[in-house]
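Structure, as structure tokens:
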Amino acid sequence: MRKTPVIRPFRALSAAAAVLAACLAVQPAAADETGVQRPVASDGTGTERPAAADESGTPGPVVVRPVSGLSPLPAGCGLPPADGYTLNPNTEVLPMLARDPRRPQRLVTVFQQDRWNRYGSNGAVAAVSDDYGLTWRRSENLPAFSRCNGGTAANGGDYDVTTDHWVTVTPSGAAVAASLSMSRAGDVTAILVARSGDGGRTWDAPVTLKRDDNPRFFNDRPSVTADPYRPGVVYAVWDRVDDQSTSTTPNWVQPIYLAKSTDDGRTWTTSKVYDVPANSGVIGTQLVPLPDGTLLIGMHHETVTDGATQVIRSTDGGKTWSAPTLNVPAPLAVGPRIPDPDGSGDPIRNAALPLLAAQPGTKTVSAVWQSQDADGTFHVAYSRSADGGKTWSSPIRVDKTPTGSAAVPVVAASRTGTVAITYYDFRANTPDPATLPTDLWAVTCSSRCTDPGAWRERHIEGPFDSRRFPATSVGRLIGDYTGLVSVGAAFTAVYGVTTGDPANPVDLHSAVFPG
């Protein structure tokens, strides 16, 4: 919880199955459309392989491809490193992923490029796939969310750093991306959105939804969502700190702001829509529209000492909101850190922020978040609503991590009701404290999803060394979230891995796996 600036959806199912079958027969290329000059394999050997067998004993095919490579940002762009500020060149983190509802094979991802140890990254990069995530091409121009992205005072992107990117695709096929753009010290913050009328290939100049030059205010963690049932309607939500504390008296709030577009992301209106009691606030807001017009916002609520995963509802287009209908304890958003299995004092950054996924065309909604057990380990909590968010099932643990913590859960739901969740864990760790072997896993469920025994686990990729992810003041940044979407009978994930190459330490990969 930031009280002041701190360091800190369709082609036929058979078509998707055919794509999976075809991609298993394709060998990795020497270079893809992003310019990556090396093959990527799920086991790191240079050849693709089926994933580890799931709990039924049936191996599931997983196809892994590179999304990013060396940084495309101009050499020397951005501010130089300074006291307390360390740049991590050629690192890509926090990818968000969206699918084009008109062209289901087209996916768009936006992510951070060249991460700092404190706020954000030098730039944002967008990439497009026209084959469900098997190959990727960078956008012809980057959304101007920072000066390294071509941002200027004239086009609205004159900022030192950019972070917390989100992307959605509207029913017309337009992509809309969001950014928290700011000064390096965080005393100037702004929520920007950029529109791409051609599905992510080229980007228009950004629109400013909210900007504050007064360090008393801090805009944070936007998400953007196109309404799949109301063409032209797009929502953006974020939190905004208002800190009037004195040296002796705390006095701050962190309410929700909402911006709405009714012209496919071209123009926007902004207002505060959900307030909170003094000395409390929310972070990690995500809006999900349902077919009957209900809007849900999933969020993490905190006081100085306590945190909770919550969901609120609106039935009047976002004008008014209910009290939380899901309200369960969760660890604080920026601490405690995920325990280091080696006890080396080099932990993983905690991502306690909840995420929602609605089954298209229904009132069924899945929620996941980071829970914490009494022993201090972190796990993946899951709850489900079958009535549009009015009521929720009792939370269950769905990760299959045998020991230690599971980290950074994200969720997606298919039209047929299959739910997939990906997460990292450290079950492959060794006694060597200098390394932290880490794997990405997926669990899927097609029925009885409120029963922990109904979830099957599948290995996606790894192990790779998490000690090579960028360091931040609250731990190694694997990510606060990663990308995951349903693509018919399968799912596509976009996520970060370390490479073992000091000149290019962190890349993004995509994996296509069956549901």
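The values are calculated or read from the model by the stated rules, or taken from the named source; none is laboratory data. Because the structure is a prediction, the values reported are computed rather than measured. Counting neighbours? That spans all protein chains shown, and the Cβs are built from the backbone with ideal geometry, glycine included.
Only one entry of Asp387, Asp439 meets the criterion of being touching a Lys or Arg at 6+ places or on another chain (Cβ under 8 Å) and under 22 Å from Val512 (Cβ atoms), and that entry is Asp439. Would you confirm, using the coordinates I've provided, whether Ser486 is under 22 Å from Arg337 (Cα atoms), surrounded by 23 or more Cβ atoms within 10 Å (Cβ to Cβ) and small (Gly, Ala, Ser)? No: the conditions fail for Ser486.
A single entry from Val273, Val234 fulfils the requirement of being closer than 27 Å to Ala175 by Cα and surrounded by 23 or more Cβ atoms within 10 Å (Cβ to Cβ): Val234. Every condition in (1) more than 25 Å from Gly479 (Cα to Cα); (2) aliphatic (A, V, I, L, M); (3) over 20 Å from the mean Cα position of the chain (by Cα) holds for Val188 except the one numbered (1).
Residues being surrounded by fewer than 22 Cβ atoms within 10 Å (Cβ to Cβ) and either under 24 Å from the mean Cα position of the chain (by Cα) or modelled with pLDDT under 95 (or both): count how many of those fall in segment 292-306. The number of residues fulfilling the criteria is 5.
Evaluation of Gly199 against the conditions (1) at negative phi; (2) crowded, with 16+ Cβ neighbours inside 10 Å shows that the sole unmet condition is (1). Ser473 meets the stated requirement of being farther than 20 Å from Val410 by Cβ, out of contact with any strand residue (DSSP E or B) (no Cβ under 8 Å at 6 or more places or on another chain), modelled with pLDDT under 95 and surrounded by fewer than 22 Cβ atoms within 10 Å (Cβ to Cβ). Looking at Asp465, Asp451, Asp480, which one is of a type outside the set (A, V, I, L, M, F, W, C) and modelled with pLDDT under 95? Checking each option against the conditions leaves just Asp480. With respect to the conditions (1) over 19 Å from Ala493 (Cβ atoms); (2) touching a strand residue (DSSP E or B) at 6+ places or on another chain (Cβ under 7 Å), Tyr424 lacks only one, and its number is (1). Where residues in segment 117-154 are under 18 Å from the mean Cα position of the chain (by Cα) and hydrophobic (A, V, I, L, M, F, W, C), which of them is farthest from Val188 (Cα to Cα)? For segment 117-154, the residue satisfying everything is Val128. In this structure, Val328 qualifies as of a type in the set (Val, Ile, Thr), within 30 Å of Leu477 (Cα to Cα) and either touching a Gly at 6+ places or on another chain (Cβ under 6 Å) or assigned to a strand (DSSP E or B) (or both). Scanning segment 238-255 turns up at least one residue that is aromatic (Phe, Trp, Tyr), buried (at least 23 other Cβ atoms within 10 Å of the Cβ) and either modelled with pLDDT under 95 or assigned to a strand (DSSP E or B) (or both). From the residues in segment 118-146 that are at pLDDT 95 or above and surrounded by fewer than 22 Cβ atoms within 10 Å (Cβ to Cβ), which one is nearest to Ala194 (Cα to Cα)? Per the criteria, the residue is Asn141. The set of residues from segment 303-325 being within 30 Å of Tyr119 (Cα to Cα) and in contact with a Gly (Cβ under 6 Å, 6 or more places away or on another chain) comprises just one member, Val311. One residue stands out in segment 64-96 among those that are loosely packed, with under 15 Cβ neighbours inside 10 Å and of a type in the set (Gly, Ala, Ser): the one that is farthest from Ile460 (Cα to Cα), namely Ala82. Within segment 450-462, residues that are closer than 17 Å to Leu436 by Cα have Cβ atoms under 8 Å from residues that are surrounded by 23 or more Cβ atoms within 10 Å (Cβ to Cβ) and modelled with pLDDT under 95 in these pairs: Glu461/Ser42, counting only partners at least 6 apart in sequence or on another chain. Taken as a whole, the structure places Asp439 among residues that are at pLDDT 95 or above, within 20 Å of the chain's Cα centre (by Cα) and farther than 26 Å from Ala126 by Cβ.
Residue-level check: of (1) surrounded by fewer than 24 Cβ atoms within 10 Å (Cβ to Cβ); (2) of a type in the set (Lys, Arg); (3) over 30 Å from Gly84 (Cβ atoms), Arg458 misses just (1).
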